[in-house]
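Asker: I'd like to ask you about the structure that follows.
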Amino acid sequence: MSSVAVLGADDVLRAVAPDAAVEAVREAFIAHHRGEWTMPPKVYVTNYPAGDFRAMPALGGGHALLKWVTSFPGNPSRGLPTVSGVVLVSNAETGELEAMLEAGAVTALRTGAAAVLAAETLGRTDAASAAVIGAGVNGRAAARTFLARGRAVSIWDVDAGRAAAAAAELGCEVAASREEALGADVVVTVTPGHAVLFGNDSLRAGRHVSLMGADGPGKAEIAATELARAHVFCDDWEQASHSGDVSHAVEAGLIRREDVTQLGAVLAGDAPGRAGAEDITIFDSTGLAIQDLAIALVAIERAGDLGVRTLAL
């Protein structure tokens with residue numbers, strides 16, 4: 001009989017500080033780039049327009065992970081979270097189940113970490129302003145991570161009350177308008193992906209945008225033609241070219257594989273990042289199971305100190 005650690009959302013958030021999440025995700029990107037951590041493509045079980053279910057496996061660091069998670073954008077109006085599910089972590093040598101973690105908290109931590117890591121890696125060093133579009137759980141995680149890294153940030157949401165509540169919780173400013181937020185030097189978008197935020201010729205020179213919301217088929221936060229005029233990076237080409245913002249530009253024949261650089265290659269020093277002060281950089285995130293594994297391992301490492309529950313199986 002084995003003992004399995006059970007970490008609820010509060011346990012995960014207590015165990016993994018935003019700074020620790022950024023560094024864990026950084027190492028996971030590099031390990032994935034080098035082939036040390038692996039993952040097959042995520043599997044979507046769709047029930048549109050309501051939402052979708054996703055199965056995301058990964059292997060690395062002596063552990064295997066399976067994340068079963070949902071994305072139902074209409075849930076907040078029902079008093080339910082948009083993202084819910086479970087993360088299972090097993091020993092890669094014996095197959096024994098080691099831990100079960102609440103998926104929403106893991107997702108929020110790695111989404112915020114990836115968004116900010118990309119901004120720090122690809123944005124201008126003298127970028128003066130940063131904004132997050134979307135004040136849901138993952139948008140708040142991105143803003144919280146910016147603040148933890150010492151960068152002031154504003155937040156905007158189509159629901160003004162939600163933006164105000166998030167700003168009060170985090171201790172940041174509410175952007176005066178969507179246009180002001182979209183005009184920041186560094187922008188993170190964390191929306192349902194049903195509406196394009198950046199249309200044709202909307203990005204001025206020197207900007208960086210981390211696109212975090214279009215993580216499934218049919219979603220988009222930016223026009224394909226706008227992607228084509230920028231310097232594009234992604235978390236994983238196979239996922240992004242099939243279910244991210246990049247996929248629309250690929251389908252339109254505007255972007256090819258050689259036009260897109262995976263962030264892990266930049267972090268490992270094997271590919272260039274920003275080309276100069278005038279470069280427009282875009283990071284297209286679809287969310288990787290290796291990121292979830294990185295966050296889960298940090299949480300599990302601290303589980304004993306936190307006195308989390310265990311389950312005998």
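Asker: For the chain, give the percent of accessible area contributed by carbon and sulfur heavy atoms, probe 1.4 Å, rounded to a whole number. Spell out each step's value before the answer.
Answerer: Numbers: 6880 of 12790 Å².
Carbon with sulfur: 54 percent of the solvent-accessible area.
Asker: Roughly what % of DSSP beta bridges within region 40-190 run antiparallel, to the nearest 5?
Answerer: Antiparallel: roughly 75 percent of the beta bridges in region 40-190.
Asker: Can you tell me the accessible area per residue over the chain, all protein chains present, probe 1.4 angstrom, in square angstrom?
Answerer: 41 Å²
Asker: Is it possible to state the helix-based mean residue ellipticity at 222 nm for the chain, with each DSSP H run of 4+ residues giving -39500 (n - 2.57), the sum divided by total residues, to the nearest 500 deg cm²/dmol? What is it?
Answerer: Calculated from helices alone, the mean residue ellipticity at 222 nm is -10500 deg cm²/dmol.
Asker: Something else about it: Please sort 275-284, 33-42, 14-23 by packing, taking for each peptide the average over its residues of neighbouring beta carbons within 10 angstrom, highest first.
Answerer: 14-23, 275-284, 33-42
Asker: Where nothing but the Cβ of Lys and Arg (+1) and of Asp and Glu (-1) is charged, how large is the charge dipole of region 20-136 around its Cα centre, in debye to the nearest 20? Working shown, then result.
Answerer: Values: 8 positive and 10 negative charges, 85 e Å.
Approximately 400 debye in magnitude.
Asker: Could you please state, rounded to a whole Å, how far the C-alpha centre of region 59-135 is from the C-alpha centre of region 251-266?
Answerer: Taking the Cα centre of each part, region 59-135 and region 251-266 sit 23 Å apart.
Asker: Write out the trypsin sites (Lys or Arg not before Pro) in region 219-313 meeting two conditions: DSSP loop, and at most 15 other Cβ atoms within 10 Å of their Cβ.
Answerer: Counting only loop positions with at most 15 other Cβ atoms within 10 Å, the trypsin sites (Lys or Arg not before Pro) in region 219-313 are 229, 256.
Asker: Can you tell me the 0 to 90 degree angle between the C-alpha axis of helix 18-33 and the longest principal axis of the chain, rounded to 10?
Answerer: With both axes taken from Cα atoms, the answer is about 90 degrees.
Asker: If you restrict to DSSP beta bridges whose two residues both lie in the chain, what percentage is antiparallel, to the nearest 5?
Answerer: In the chain, approximately 55 percent of DSSP beta bridges are antiparallel ones.
Asker: How many angstrom lie between the C-alpha centres of region 175-214 and region 1-31?
Answerer: After rounding, the separation between the Cα centres reads 29 Å.
Asker: Moving on to the next point. Could you give the angle, 0 to 90 degrees to the nearest 10, between helix 137-148's Cα long axis and the longest principal axis of the Cα atoms of the chain?
Answerer: Taking the Cα atoms of the chain, the angle to 137-148 is about 80 degrees.
Asker: Let me ask something else about it. Please determine, in degrees from 0 to 90 and to the nearest 10, the orientation of helix 103-122 with respect to the longest principal axis defined by the Cα atoms of the chain, where the helix direction is its Cα long axis.
Answerer: Value to nearest ten degrees: 40.
Asker: Can I ask one more? Could you order 90, 210 so the one with the most accessible surface comes first? Probe is 1.4 Å.
Answerer: Highest to lowest solvent-accessible surface, that is 90, 210.
Asker: Can you run phi through the Karplus equation (6.51, -1.76, 1.60; θ = phi - 60°) for region 253-260 and list ³J(HN,Hα) in whole Hz, with x for Gly and Pro?
Answerer: x, 8, 9, 10, 3, 5, 8, 10
The values are calculated or read from the model by the stated rules, or taken from the named source; none is laboratory data. Keep in mind the model is a prediction, meaning the values are calculated, not measured. Virtual Cβ from ideal backbone geometry, glycine too; neighbours counted across all protein chains shown. Surface areas here come from the heavy atoms of the whole protein model, side chains and all, with no ligands, DNA or RNA. Shrake-Rupley method; radii C 1.70, N 1.55, O 1.52, S 1.80 Å.
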